[in-house]
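Each remark here refers to the structure printed beneath this line.
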Amino acid sequence: MSGVRQHARAALRAATADDHERVDAAFARFDLTDRRGYAAFLSAQAAAMLPIEAALDAAPVTPDWPLRRRAHLLRADLAALQTSVPPPLDPPPFAGEPALLGALYVIEGSRLGGAMLVRSVSPDLPRSFLAAHDSRLWRDLLDLLDRRLADEEQLAVAAAAARSVFALFERASARMECSA
């Protein structure tokens with residue numbers, strides 16, 4: 001059991017590597033240097049992120065969940081771009097703590113990606129969503145994963161939930177590209 005706990009983060013990374021790669025490729029198609037492309041990128045993010053955060057609001061899995069929320073930053077950036085918040089996609093169900101941790105793994109990982117992507121965004125565009133980086137939150141989550149995903153079954157549930165969140169982001173990206 002301790003081997004699972006020490007390696008939960010690595011197991012999640014391995015289980016979701018292909019999903020992560022597909023989502024990165026899907027979102028790489030948006031031009032973040034261009035106002036319209038950046039607005040489309042944020043809209044696609046919102047279509048997936050907002051319902052995932054709402055699901056996590058209903059069953060916060062960490063005591064620091066309020067610090068992790070970024071929906072308000074995403075809405076503010078869209079408003080500053082005079083872009084409507086898109087209709088949300090239906091989030092997958094998250095039954096139990098392992099599934100919630102899998103979902104949180106993906107959205108916290110997106111925060112890390114945002115820290116790199118924000119460098120591509122013009123300084124005259126709103127960047128609060130992508131700039132909301134706190135490496136302490138990521139480290140705390142990795143420690144939490146290693147402690148709470150105590151067996152193979154829990155890890156499998158977390159990985160399945162993480163893959164479903166990646167799939168939601170992939171659908172959001174495709175939907176935004178189709179409407180552009």
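What follows is calculated from the coordinates using simple rules that are stated; it is not laboratory data. Model, not experiment: these values are computed from the prediction. With ideal geometry, Cβ positions are generated from the backbone for all residues, glycine too; neighbour counts draw on all protein chains shown.
Starting from a Cα-only point model with no solvent, please compute log10 I(q)/I(0) by Debye for the chain at q = 0.08, 0.09, 0.14 1/Å.
With no solvent term, the Cα-only Debye profile gives -0.23, -0.30, -0.71.
If we count other beta carbons within 10 Å of each Cβ, what is the order of THR33, THR16, fewest first?
Final ranking by Cβ density, sparse to dense: THR33, THR16.
For a distance above 22 Å, tell me the whole-number percent of Cα pairs in segment 4-101 that qualify.
Value for segment 4-101: 43 percent of Cα pairs lie more than 22 Å apart.
For a footprinting-style exposure proxy, rank MET176, MET116 by other Cβ within 10 Å, fewest first.
Exposure proxy ranking, most exposed first: MET116, MET176.
Can you give me the pair-distance distribution of segment 74-180, C-alpha pairs, 10 Å bins, whole percents?
13, 35, 36, 14, 2
Which one, GLU170, GLU152, GLU97, has the greatest fluctuation when you compute a Gaussian network model over the chain with C-alpha springs under 10 angstrom?
Its mean-square fluctuation being the largest, the pick is GLU152.
Which of ALA156, ALA59, ILE107 sits farthest toward the positive end of the charge dipole of the chain, with +1 on the Cβ of Lys and Arg and -1 on the Cβ of Asp and Glu?
Value computed over the given set: ILE107.
Given the rule -39500 (n - 2.57) for each run of at least 4 DSSP H residues, summed and divided by the residues of the chain, what is its mean residue ellipticity at 222 nm, to the nearest 500 deg cm²/dmol?
Here the helix-only value at 222 nm equals -24500 deg cm²/dmol.
Looking at LEU32, ALA167, ALA80, which one has the Cα that reaches farthest to the positive end of the dipole of the chain (charges on Cβ: Lys, Arg +1; Asp, Glu -1)?
ALA80
Between segment 24-90 and segment 91-162, what is the C-alpha centre distance in whole Å?
Taking the Cα centre of each part, segment 24-90 and segment 91-162 sit 13 Å apart.
Using a Gaussian network model on the chain with a 10 Å cutoff between Cα atoms, which of LEU73, LEU130, LEU168 fluctuates the most?
LEU73
For a quick check, take a GNM of the chain with Cα springs below 10 Å and name the residue from ALA39, ALA54, ALA160 with the largest mean-square fluctuation.
The residue with the greatest mean-square fluctuation here is ALA54.
What size of dipole, in debye to the nearest 20, comes out for the chain about its Cα centre when the only charges are +1 on Lys and Arg C-beta atoms and -1 on Asp and Glu C-beta atoms?
380 debye
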